[in-house]
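The values are calculated or read from the model by the stated rules, or taken from the named source; none is laboratory data. Please read these numbers as outputs of a predicted model, since none were measured by experiment. For neighbour counting, all protein chains shown are included, and Cβ atoms are generated from backbone atoms with ideal geometry for every residue, glycine included. Heads up: the accessible areas ignore ligands, DNA and RNA and are worked out on the full protein's heavy atoms, side chains in. Shrake-Rupley method; radii C 1.70, N 1.55, O 1.52, S 1.80 Å.
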Amino acid sequence: RYMPSPMNSAGFGDLLDKRVTKLFKEKYNQLKDRVPDFYNMQNSSDSFERWSEVGALPDFTEFGGTVGYQSQSQGYDVTATHKEFVNGFQITRDLYDDDRHGVWERKPAALAEAYVRTRQKYGARIFNNASSIDTYFYNHSEAVALVSDSHTTTSGASTSSGFDNKVTSALTATAVEAARIQFRGFRGDQAERISTMPNMLLIPVDLYGRAYEITASSGKVETANNDANVHKGAYTVVDWEYLTDSNDWFMIDSSAMKDNLYWFDRIKLEFGMAEELDTLVAKWRAYARFSNMYRDWRWILGSSVS
């Protein structure tokens, strides 16, 4: 059951006792933070970060006696606004004095665990909400989902081909093959061919066995013959327990991902404490401020399995 707040002897912290901060930092440093695996990590010195894209130049033209000077289109803007995150605990003096079971000493570790867990959830949010317009941290002026079959361009070029990064197929070898062809067909701002090379499959833990079969089998998957498996060794399989849909999966160009997926730490995690003189209640709190965003969509293809 939940203990009362402030916790009491049926549930103090000495501000001169540095063990609380030490325990918190030790536990925090032991926990695995997966966010840097996906995001380009940046520090921020302002309340928001804004990126503005400039489109590509058109192709060269044959020289006909004079240089044809061409212009680039203003691309889409994206603005990330940092949000504040807090947590804390408070205990009474008698708990500190009489605790023989390490109850209060376990609270800093729990606070560190809660922060890392929170960080993972917001890191995975951009994938969990990939098929919908998510404005929690950022606003993207393209105004379509990260994973969409209706991406647009500001150049006026045709978007009939190469602007779709969404599929609905369950994870199979055939689906991965089709997704790779679709991914390699992505086009740029001028609807020109661009170089994309997917090398990662991001999956929920539920699909690990299926993904391993697809990427590690020597022979062709789900057949009785010995044809070579073209997917073997082509992808790094990354499973993440914070992906909430057990069927959805993603194909990613990991290099392009780090060029387009950003995490901003405005205030890195800090730990503070204070004692109320009259009540002898001690309080510890942790505070952080961060945001994330993506610049362009051409690093990912997602399957929203129906």
Scan the range 165-189 for residues that are farther than 13 Å from residue 302 by Cα, open to solvent by 50 Å² or more (accessible area, probe 1.4 Å) and out of contact with any Lys or Arg (no Cβ under 8 Å at 6 or more places or on another chain) and report the count.
4
With the checklist (1) over 30 Å from residue 153 (Cα atoms); (2) touching a strand residue (DSSP E or B) at 6+ places or on another chain (Cβ under 8 Å); (3) surrounded by fewer than 18 Cβ atoms within 10 Å (Cβ to Cβ); (4) at pLDDT 95 or above in hand, flag the one item residue 225 doesn't pass.
(4)
Condition first: loosely packed, with under 14 Cβ neighbours inside 10 Å and either of a type in the set (S, T, N, Q) or closer than 30 Å to residue 127 by Cβ (or both). Now tell me which residues in the range 260-281 satisfy that.
268, 270, 279
Within the bounds of the range 208-222, is there any residue that is within 16 Å of the chain's Cα centre (by Cα), assigned to a loop (DSSP other than H, G, I, E, B) and of a type in the set (Gly, Ala, Ser)?
no
Cβ pairs under 8 Å, 6+ apart, first in the range 195-206 and in a loop (DSSP other than H, G, I, E, B) and open to solvent by less than 10 Å² (accessible area, probe 1.4 Å), second polar (S, T, N, Q) and modelled with pLDDT of 95 or more:
204/244; 204/246; 204/247
Quick check on the range 247-258. Is at least one of its residues under 19 Å from residue 40 (Cβ atoms), surrounded by 16 or more Cβ atoms within 10 Å (Cβ to Cβ) and charged (D, E, K, R)?
yes
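Just wondering, is there one or more residues in the range 282-300 that are of a type in the set (Asp, Glu) and open to solvent by 70 Å² or more (accessible area, probe 1.4 Å)?
Taking the range 282-300 first, the residues of a type in the set (Asp, Glu) are 296.
Subsequent filtering for residues that are open to solvent by 70 Å² or more (accessible area, probe 1.4 Å) retains none.
Scanning the range 282-300 turns up no residue that is of a type in the set (Asp, Glu) and open to solvent by 70 Å² or more (accessible area, probe 1.4 Å).
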Near pairs, Cβ below 6 angstrom, 6+ apart or cross-chain, from the range 32-55 (closer than 21 Å to residue 199 by Cα) to any residue that is of a type in the set (Lys, Arg) and surrounded by 16 or more Cβ atoms within 10 Å (Cβ to Cβ)
35/119; 40/258
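Per-residue answers, yes or no, for (1) assigned to a strand (DSSP E or B); (2) charged (D, E, K, R); (3) closer than 30 Å to residue 141 by Cβ; (4) modelled with pLDDT under 95:
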{"site": "263", "(1), (2), (3), (4)": "yes, no, yes, no"}
{"site": "268", "(1), (2), (3), (4)": "yes, yes, yes, yes"}
{"site": "283", "(1), (2), (3), (4)": "yes, yes, no, yes"}
{"site": "289", "(1), (2), (3), (4)": "yes, yes, yes, no"}
{"site": "297", "(1), (2), (3), (4)": "no, no, yes, no"}
